[in-house]
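Here's the structure we're looking at; comments come further down.
The values are calculated or read from the model by the stated rules, or taken from the named source; none is laboratory data. On a predicted model such as this, the values are computed, not experimentally measured, just so you know. Every residue, glycine among them, receives a Cβ derived from its backbone with ideal geometry; neighbour counts consider all protein chains shown. Protein only, heavy atoms only, side chains kept; ligands, DNA and RNA dropped before computing areas. Shrake-Rupley method; radii C 1.70, N 1.55, O 1.52, S 1.80 Å.
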Amino acid sequence: MQYRTYKLIELAEPYTWTYYPSEGDPKTFCNYDTLVYAAGGAVAKVSIDNDYLMSNNSTVYIAAPTSAVAGQIIVLIDDAGAYDCGIISSVDNTNLQILYKGMLEIFNDNMLNPMRVIMNDEDQTAKYLYDGVEDTAQILATYLAAVGTDKYRRMPIRIRTSGGGSTDGKFNVPAIWSYADNTINIHDWLMELFNKHNVIVQCRIVFETARAYVEIYISCNQTGGKIIKNNIHGMQITHAEDSSANATVCTVIDQETLEVIGTYYLQSDNTVTTDPNSDTRVVPYKLVVATFDSENEDGATAQTVAEENLLYSDFNHYISIVIDRNSAMYPTDLNIGDAVIIVPELQNMTAEDAIIDDFEDKIMRSIYTGRKEDSENSQVTLIFGKIRINYTDLIQMQQQKLVRA
């Protein structure tokens, strides 16, 4: 395995690229830089911790000292091509180590709240609803590739999307913009979109004839899923369920008068109702209070606000599968955000059985969120779901929240 690192150099002439939303006018953005080779060499071994939810370091053990530096993009390359990539966090030439984080580290920064004026101006109508995919794409593009962006913040990018937009005038991924502070942490915002709406942001490096850039792909997890069966010798499946909701009752009040507009109750099918006597109400009673601008013109309603506060995350569990990477059954085509169907028990199923239709109570539906592996061990841990149970991961998540508070 080899590693290569890339740095930015300014182009003699910047170039523009266009993002085409499903509705509305195309948006034009500008790339001032390109990615160029900075350093590279042989990899002695590697320990990868590629978890979408975490900001843990992966470690590359190199064969010789390197001129690579923190902040550069690193790509690991094997016989099949690019194996992994990320942003270098530190270089230790004494111990011949490069530490790097996932590509989402690009967004570990604060940005001006794009809605700060209308969210804090009493004479303006607050914008609540936005599309979690297409509007997110335009916000990120504006942050990294707007005309005149600070040279130390900009990044050569292209963005493409899937699963967003609108149908019959309604957003496919309706999200509520609730940030009123002057700044927001981009990474935290993206994690909230993932937890609430299954919006995934993935990055890869694209090389063209005269320039290179980071392609950012923003998508919403779709229905369906790949099937992973427990029919491989040595496979181990661990499942930890945690489906409790943070809130089960939402009282919506008017942001001006503070009068109660309505109260909504979470139901077991992850919908809301105004009926306090519903047989499917989720208990125990956990109240959250949300404010609502009844004069908004974006189509948001009190129920929309209640849903944003009550509907719990899909795949609120942790599933890990340990499997040998050399196995013919190793799922090499898994991408972050892929929906999967895991079949942990096969002894009572025959080849004629329809797994999904006849064994719904025995399968586990989840979403692929990461992997951990070491080049000196053929066992790979695949991670599914949005809950983390490992102690060090929990501490890491807690520290992230404290740092960004």
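Computed values, structure above
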{"item": "Residue among TYR312, TYR330 that alone is under 30 Å from GLN267 (Cβ atoms) and either touching a helix residue (DSSP H, G or I) at 6+ places or on another chain (Cβ under 6 Å) or not aliphatic (A, V, I, L, M) (or both)", "result": "TYR312"}
{"item": "Test: residue in the range 160-177 that is in contact (Cβ under 8 Å) with a residue 60 or more places away in the chain and in contact with a Lys or Arg (Cβ under 9 Å, 6 or more places away or on another chain)", "result": "yes"}
{"item": "Output for the range 54-74, where each listed residue is hydrophobic (A, V, I, L, M, F, W, C) and crowded, with 20+ Cβ neighbours inside 10 Å", "result": "MET54, VAL60, ILE62, ALA68, ILE73, ILE74"}
{"item": "Contacts under 8 angstrom Cβ, first residue in the range 286-298 being over 17 Å from VAL260 (Cβ atoms), partner open to solvent by 60 Å² or more (accessible area, probe 1.4 Å), 6 or more apart", "result": "LYS286/ASN246"}
{"item": "Among the candidates TYR100, TYR3, TYR32, residue that is among the aromatic types (Phe, Trp, Tyr), in a strand (DSSP E or B) and in contact with a Pro (Cβ under 7 Å, 6 or more places away or on another chain)", "result": "TYR32"}
{"item": "Residue match in the range 15-24 (condition: small (Gly, Ala, Ser) and at positive phi)", "result": "yes"}
{"item": "Leading residue by the ranking (most open to solvent (accessible area, probe 1.4 Å)) among those in the range 281-292 that are touching a strand residue (DSSP E or B) at 6+ places or on another chain (Cβ under 8 Å) and outside any strand (DSSP E or B)", "result": "TYR285"}
{"item": "Top-ranked residue of the range 303-322 - restricted to ones that are closer than 18 Å to LYS196 by Cα and hydrophobic (A, V, I, L, M, F, W, C), ranked as most open to solvent (accessible area, probe 1.4 Å)", "result": "LEU311"}
{"item": "Per-region count, the range 258-280, residues open to solvent by 60 Å² or more (accessible area, probe 1.4 Å) and not in a loop (DSSP other than H, G, I, E, B)", "result": "2"}
{"item": "Of residues in the range 350-368 being at pLDDT below 60 and open to solvent by less than 30 Å² (accessible area, probe 1.4 Å), the one farthest from ILE218 (Cα to Cα)", "result": "PHE359"}
{"item": "Evaluation of ALA328 against (1) touching a residue at least 40 places away in the same chain (Cβ under 8 Å); (2) open to solvent by 70 Å² or more (accessible area, probe 1.4 Å) (one fails), failing number", "result": "(1)"}
{"item": "Matching residues in the range 103-116 - criterion: being among the charged types (D, E, K, R) and either at pLDDT 95 or above or in a helix (DSSP H, G or I) (or both)", "result": "GLU105, ARG116"}
{"item": "ASP79 being open to solvent by 40 Å² or more (accessible area, probe 1.4 Å) and under 23 Å from ASN377 (Cβ atoms)", "result": "yes"}
{"item": "Residues that are assigned to a helix (DSSP H, G or I) and open to solvent by 40 Å² or more (accessible area, probe 1.4 Å), drawn from the range 182-196", "result": "ASP188, GLU192, ASN195, LYS196"}
{"item": "Residues of the range 163-181 satisfying the condition of being surrounded by 13 or more Cβ atoms within 10 Å (Cβ to Cβ) and more than 16 Å from GLU308 (Cβ to Cβ)", "result": "GLY163, GLY164, GLY165, SER166"}
{"item": "Residue list for the range 150-159, restricted to those being over 22 Å from the mean Cα position of the chain (by Cα) and free of Cβ contacts under 8 Å to residues at least 60 places away in the same chain", "result": "ASP150, TYR152"}
{"item": "Qualifying residue in the range 117-138 (condition: more than 30 Å from GLU295 (Cβ to Cβ), open to solvent by 50 Å² or more (accessible area, probe 1.4 Å), acidic (Asp, Glu) and assigned to a loop (DSSP other than H, G, I, E, B))", "result": "no"}
{"item": "Tally, over the range 1-52, of residues that are over 30 Å from GLN379 (Cβ atoms), open to solvent by 40 Å² or more (accessible area, probe 1.4 Å) and polar (S, T, N, Q)", "result": "4"}
{"item": "Per-region count, the range 174-218, residues within 12 Å of the chain's Cα centre (by Cα) and β-branched (Val, Ile, Thr)", "result": "6"}
{"item": "Sole exception among (1) open to solvent by 60 Å² or more (accessible area, probe 1.4 Å); (2) of a type in the set (S, T, N, Q); (3) within 24 Å of the chain's Cα centre (by Cα); (4) over 26 Å from ILE218 (Cβ atoms) for ASN110, by number", "result": "(4)"}
